1. How large is the accessible surface per residue of the chain, computed with a 1.4 Å probe and reported in Å² as a whole number?
2. Just check the range 3-243 against the gyration tensor rule for me: Cα atoms, a ≥ b ≥ c as the square roots of the eigenvalues, rounded for a/c under 1.5, and otherwise prolate or oblate depending on whether a/b exceeds b/c.
3. Roughly speaking, to the nearest percent, how much of the range 3-243's 1.4 Å accessible area is carbon and sulfur?
4. Per residue of the chain, what 222 nm ellipticity follows from adding -39500 (n - 2.57) for every DSSP H run with n ≥ 4, rounded to the nearest 500?
5. I'd like the accessible area for Tyr221: 1.4 Å probe, protein heavy atoms, all chains in place, Å² to the nearest 10.
6. Tell me the relative contact order for the chain as a rounded percent, counting alpha carbon contacts under 8 Å between residues six or more apart.
7. Largest first and in whole Å, give the semi-axes of the range 247-379's equivalent ellipsoid, each being the square root of 5 times a Cα gyration tensor eigenvalue.
8. Counting Lys +1, Arg +1, Asp -1, Glu -1, what net charge surrounds Ser373 among other residues with beta carbon under 14 Å of its beta carbon?
Amino acid sequence: MKFNTKAIHGGQENVDPGYGSVMAPIYQTSTFSQTSPGSHKGFEYARSGNPTRDALEKAIASIENGKHGLAFGSGLAAIDAILKTLKPGDEVISTNDLYGGTYRLFNGIYKNFGIKFHFVGMQGATAIESFITTNTKMIWAETPTNPMMNILDIKAIAQISKKHKLLLAVDNTFATAYLQQPLDLGADIVMHSTTKYLGGHSDVISGSIVVNDDKLAEQLYFIQNASGAIAGPMDSFLVLRGIKTLHLRMQRHCENGKAVAEFLQRHPKVEKVYWPGLQDHPNHEIAKKQMKDFGGMVSFSLKGGSTKDAVRFLEHLNVFTLAESLGGVESLAGHPATMTHASIPKEERKKIGVVDSLIRLSVGVEDKEDLLSDLKQALS
Ligand SMILES: *Cc1c(COP(=O)(O)O)cnc(C)c1O
């Protein structure tokens, strides 16, 4: 199957053996009856497995071209499970321009459990090698990065991770499997906050992992069951429904993202626009090679801007909603310095370009004329 067909049908054979419902039913149950101890229809207790979650896990594995999918109660719960494959003393090389919550989990929790993190600019993949020690176990990458929209060369990073026998985990939340498939590029683990584009309707918090390796899948399944941060049946249903229109929504997100990025680039009050589809984006060539299109996430800074200017702009938007998060059908705008990235110290923030006037847009699937005129009036 090709991608669009997979988005709808991937892993979805016989989702309801009882009545043949086309959509996987919401099995809102904590447990499953047994005819004799240990004799059941494949499910025992719903932390260990639930048919709705199972359908979602197969769908996610299918669109990422992976063998095994696992669904969690949030994107961070998925990252947490990945980190639990490590032991005290292990080291992780992580991109320095990453989701604030991921940074908080690494630095605020796992550091205290004896795991050492190196936060490194990964645009030149070779910079990674100088941080590798005998204790290094994992490389953590996110591309496009949040909120600066840098593009990391997954294939080049995968070559390094393979050479040193490390695990490469890629947070694919921003791009989604529609734009890039990290496992095909050599990654070992692909992770999603399915809260975002995969869910696609801003109505659920959820996360997932996809891997190819059977042993790694077994280890992650053990952690999922042992730690218990699973996706519930209702949430699994919502994400599964979202995936079925992922390709349609992404196509429009990309079209609108392009229109917004080009509009902002021409606007006299805008200092700089960060969108990988722009010719002058520093990683445009890698983006072109690695991604099918350039996505609907656009960041930009205001000329001579302060937090005050950014706040004034955000308060004047009408069609764009001022809110955290991204990837839903509706356009959202946010202020990374005080919202999504407030947990990163100001000095660290500045180093990676998250200036006070930086604004991040999640461009939705509305009519682009309405989006452009909203931006225009708020800028004026
Ligand atoms: C939102 C997000 C997360 C965290 O996911 P939650 O579902 O909010 O726990 C991780 N990575 C990226 C890139 C995100 O945007």
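The values are calculated or read from the model by the stated rules, or taken from the named source; none is laboratory data. Just so we're clear, the structure is a prediction, and the values are computed from it rather than from any experiment. Don't worry about glycine lacking a Cβ; one is built from the backbone with ideal geometry, like all the others, and counts go over all protein chains shown. Quick note on the areas: whole protein, heavy atoms, side chains included, nothing else; ligands and nucleic acids left out. Shrake-Rupley method; radii C 1.70, N 1.55, O 1.52, S 1.80 Å.
1. Ligands and nucleic acids excluded, the figure is 43 Å² per residue.
2. Here the range 3-243 falls in the prolate category.
3. 54
4. Result for the chain, helices only: -10000 deg cm²/dmol.
5. 90
6. Values: 772 pairs, mean separation 65.8, N = 380.
That works out to 17 percent.
7. Details: eigenvalues 91, 66, 41 Å².
Over the Cα atoms of the range 247-379, the ellipsoid semi-axes are 21, 18, 14 Å.
8. It works out to a net charge of -3.
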